[in-house]
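Here the structure comes first, spelled out in C-alpha coordinates, and everything after it is commentary.
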Amino acid sequence: METSRTADSIDAALLKALVANPDATNLAISESTGLARNTVRARLARYSAEKALRSFERRIDPAFLGYPLRAFIVTTVKQRKLGTVASTLADVPEVLQVHGLSGVADLLVHVVARDADDLYRIAGRILAIDGVKRTSTGLVMGELVEYRVAQLIGVETNR
(Lines give C-alpha, C1' and ligand atoms only; values in the text may rest on other atoms or scores of the structure.)
Protein backbone atom coordinates (compact mmCIF):
# COMPACT_ATOMS: atom_id res chain seq x y z
CA MET A 1 0.00 0.00 0.00
CA GLU A 2 1.38 3.38 -0.94
CA THR A 3 0.93 6.37 1.29
CA SER A 4 -1.49 9.19 0.69
CA ARG A 5 -0.19 10.86 3.84
CA THR A 6 2.20 13.80 3.46
CA ALA A 7 5.25 14.50 5.58
CA ASP A 8 4.91 16.52 8.77
CA SER A 9 7.66 18.36 10.68
CA ILE A 10 8.83 15.16 12.43
CA ASP A 11 9.09 13.41 9.07
CA ALA A 12 11.01 16.38 7.69
CA ALA A 13 13.54 16.22 10.53
CA LEU A 14 14.01 12.47 10.09
CA LEU A 15 14.32 12.67 6.31
CA LYS A 16 16.85 15.51 6.50
CA ALA A 17 18.91 13.42 8.93
CA LEU A 18 18.74 10.43 6.57
CA VAL A 19 19.76 12.55 3.57
CA ALA A 20 22.75 13.82 5.55
CA ASN A 21 23.70 10.32 6.70
CA PRO A 22 21.80 7.47 5.00
CA ASP A 23 23.60 4.83 7.04
CA ALA A 24 22.86 6.40 10.43
CA THR A 25 21.53 4.19 13.19
CA ASN A 26 18.25 4.93 14.91
CA LEU A 27 20.23 6.14 17.93
CA ALA A 28 22.32 8.51 15.81
CA ILE A 29 19.19 9.89 14.14
CA SER A 30 17.54 10.30 17.52
CA GLU A 31 20.54 12.23 18.84
CA SER A 32 20.89 14.44 15.75
CA THR A 33 17.19 15.33 15.59
CA GLY A 34 16.33 15.44 19.30
CA LEU A 35 13.54 12.93 18.72
CA ALA A 36 12.94 9.92 20.96
CA ARG A 37 14.41 6.63 19.70
CA ASN A 38 10.94 5.05 19.77
CA THR A 39 9.61 7.87 17.58
CA VAL A 40 12.45 7.35 15.11
CA ARG A 41 11.91 3.58 15.07
CA ALA A 42 8.13 3.92 14.66
CA ARG A 43 8.40 6.48 11.85
CA LEU A 44 10.98 4.42 9.95
CA ALA A 45 8.71 1.37 10.26
CA ARG A 46 5.79 3.45 8.96
CA TYR A 47 7.86 4.65 5.98
CA SER A 48 8.59 1.03 5.15
CA ALA A 49 4.94 -0.02 5.43
CA GLU A 50 3.81 2.96 3.33
CA LYS A 51 6.62 2.49 0.80
CA ALA A 52 7.54 6.13 1.34
CA LEU A 53 11.27 5.43 0.94
CA ARG A 54 12.65 4.20 -2.36
CA SER A 55 14.80 1.15 -2.92
CA PHE A 56 18.48 0.98 -2.06
CA GLU A 57 18.99 0.26 -5.78
CA ARG A 58 18.78 3.98 -6.54
CA ARG A 59 22.13 4.40 -4.77
CA ILE A 60 24.01 1.94 -7.00
CA ASP A 61 25.86 3.48 -9.95
CA PRO A 62 25.35 1.27 -13.04
CA ALA A 63 28.88 2.23 -14.21
CA PHE A 64 30.25 0.40 -11.16
CA LEU A 65 28.49 -2.71 -12.49
CA GLY A 66 30.05 -2.31 -15.96
CA TYR A 67 27.33 -0.21 -17.61
CA PRO A 68 28.83 3.27 -18.11
CA LEU A 69 26.52 4.39 -20.96
CA ARG A 70 23.06 5.70 -20.17
CA ALA A 71 20.35 6.54 -22.66
CA PHE A 72 16.67 7.36 -22.88
CA ILE A 73 14.62 5.63 -25.53
CA VAL A 74 11.44 7.50 -26.41
CA THR A 75 8.97 4.85 -27.52
CA THR A 76 5.65 4.91 -29.35
CA VAL A 77 3.46 1.83 -28.93
CA LYS A 78 0.14 0.42 -30.05
CA GLN A 79 -2.09 1.43 -27.15
CA ARG A 80 -3.88 -1.91 -26.88
CA LYS A 81 -0.48 -3.58 -26.38
CA LEU A 82 0.85 -1.14 -23.78
CA GLY A 83 0.64 -3.65 -20.91
CA THR A 84 2.40 -6.36 -22.86
CA VAL A 85 5.11 -3.95 -23.99
CA ALA A 86 5.67 -2.82 -20.39
CA SER A 87 5.91 -6.43 -19.18
CA THR A 88 8.40 -7.28 -21.90
CA LEU A 89 10.49 -4.19 -21.09
CA ALA A 90 10.64 -5.35 -17.46
CA ASP A 91 12.35 -8.51 -18.71
CA VAL A 92 15.20 -6.56 -20.33
CA PRO A 93 17.98 -6.37 -17.69
CA GLU A 94 19.42 -3.11 -19.05
CA VAL A 95 16.08 -1.28 -18.64
CA LEU A 96 16.32 0.70 -15.42
CA GLN A 97 12.96 2.43 -15.48
CA VAL A 98 9.98 3.04 -17.76
CA HIS A 99 7.68 6.04 -17.55
CA GLY A 100 4.31 6.29 -19.27
CA LEU A 101 3.93 9.64 -21.02
CA SER A 102 1.22 11.78 -22.51
CA GLY A 103 1.92 13.77 -25.62
CA VAL A 104 4.18 12.93 -28.56
CA ALA A 105 5.33 9.51 -27.27
CA ASP A 106 3.99 6.80 -25.01
CA LEU A 107 7.00 5.61 -23.00
CA LEU A 108 10.30 6.99 -21.79
CA VAL A 109 12.64 4.04 -21.29
CA HIS A 110 15.82 4.61 -19.25
CA VAL A 111 18.50 2.10 -20.21
CA VAL A 112 22.17 1.43 -19.53
CA ALA A 113 24.74 -0.24 -21.78
CA ARG A 114 28.33 -1.47 -21.70
CA ASP A 115 29.29 0.42 -24.89
CA ALA A 116 27.81 1.80 -28.13
CA ASP A 117 27.42 -1.65 -29.70
CA ASP A 118 25.58 -2.86 -26.60
CA LEU A 119 23.28 0.18 -26.73
CA TYR A 120 22.55 -0.58 -30.39
CA ARG A 121 21.62 -4.15 -29.42
CA ILE A 122 19.37 -2.99 -26.56
CA ALA A 123 17.62 -0.38 -28.72
CA GLY A 124 17.04 -3.03 -31.37
CA ARG A 125 15.63 -5.43 -28.81
CA ILE A 126 13.18 -2.77 -27.64
CA LEU A 127 12.16 -1.90 -31.20
CA ALA A 128 11.54 -5.61 -31.89
CA ILE A 129 8.97 -5.92 -29.06
CA ASP A 130 5.53 -6.70 -30.45
CA GLY A 131 3.49 -3.53 -30.11
CA VAL A 132 6.39 -1.06 -30.35
CA LYS A 133 5.85 1.15 -33.39
CA ARG A 134 8.96 3.33 -33.25
CA THR A 135 11.76 4.49 -30.98
CA SER A 136 14.20 7.36 -30.76
CA THR A 137 17.34 6.96 -28.67
CA GLY A 138 19.11 9.79 -26.89
CA LEU A 139 22.49 9.11 -25.31
CA VAL A 140 23.04 10.76 -21.94
CA MET A 141 26.08 12.99 -22.38
CA GLY A 142 26.15 14.25 -18.81
CA GLU A 143 24.00 14.67 -15.73
CA LEU A 144 23.39 18.36 -15.17
CA VAL A 145 21.08 17.98 -12.15
CA GLU A 146 21.25 14.71 -10.19
CA TYR A 147 18.11 12.96 -8.99
CA ARG A 148 17.06 14.84 -5.91
CA VAL A 149 14.14 15.40 -3.58
CA ALA A 150 15.85 16.78 -0.46
CA GLN A 151 15.04 20.34 -1.52
CA LEU A 152 11.34 19.49 -1.14
CA ILE A 153 11.59 18.37 2.49
CA GLY A 154 9.74 20.76 4.74
CA VAL A 155 8.58 23.04 1.92
CA GLU A 156 5.09 24.35 2.51
CA THR A 157 2.75 24.15 -0.43
CA ASN A 158 -0.07 26.54 -1.22
CA ARG A 159 -2.92 24.40 -2.49
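The values are calculated or read from the model by the stated rules, or taken from the named source; none is laboratory data. In this text the structure is predicted, and so the values were computed from the model without any measurement. Methodologically, a virtual Cβ is constructed for each residue, glycine included, from the backbone with ideal geometry; neighbour enumeration extends over all protein chains shown. These accessible areas exclude ligands, DNA and RNA; they are computed on the full protein's heavy atoms, side chains included. Shrake-Rupley method; radii C 1.70, N 1.55, O 1.52, S 1.80 Å.
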Rounded, prolate or oblate: which fits region 44-120 when a ≥ b ≥ c are the square roots of the eigenvalues of the alpha-carbon gyration tensor, with rounded for a/c under 1.5 and prolate only if a/b beats b/c?
oblate
Accessible surface of THR6 - all protein chains present, 1.4 Å probe, nearest 10 Å²
90 Å²
Exactly which chymotrypsin sites (Phe, Trp or Tyr not before Pro) in region 56-159 are in a DSSP loop and have at most 10 other Cβ atoms within 10 Å?
TYR147
Compute, for VAL132, the solvent-accessible surface of its heavy atoms (probe 1.4 Å) with the complete set of protein chains present, and express it in square angstrom to the nearest 10.
20 Å²
Need one number: convex hull volume per residue for region 89-130, Cα atoms only, in Å³.
77 Å³
Quick one: order VAL140, VAL98, VAL85 from most to least accessible surface, probe 1.4 Å.
VAL98, VAL140, VAL85
As I understand it, the dipole of the chain uses +1 on the Cβ of Lys and Arg and -1 on the Cβ of Asp and Glu, about the Cα centre. Which of LEU144, ALA71, GLY154 lies farthest toward its positive end?
GLY154
For LYS133, which lysines qualify as cross-link partners when the Cα separation must be under 29 Å and same-chain residues fewer than eight apart are set aside?
LYS78, LYS81
Calculated FRET efficiency for the pair ASP91/GLN151, C-beta based, R₀ 35 Å, to 0.05:
0.50
Which value, in Å² rounded to 10, gives the accessible area of VAL112 with a 1.4 Å probe and all protein chains present?
10 Å²
Just by accessible area at a 1.4 angstrom probe, what is the order of LEU18, LEU96, LEU144, LEU82 from largest to smallest?
LEU144, LEU96, LEU82, LEU18
With the 1.4 Å probe rolled over protein heavy atoms, region 20-93 has an accessible area per residue in Å² of 67 Å²
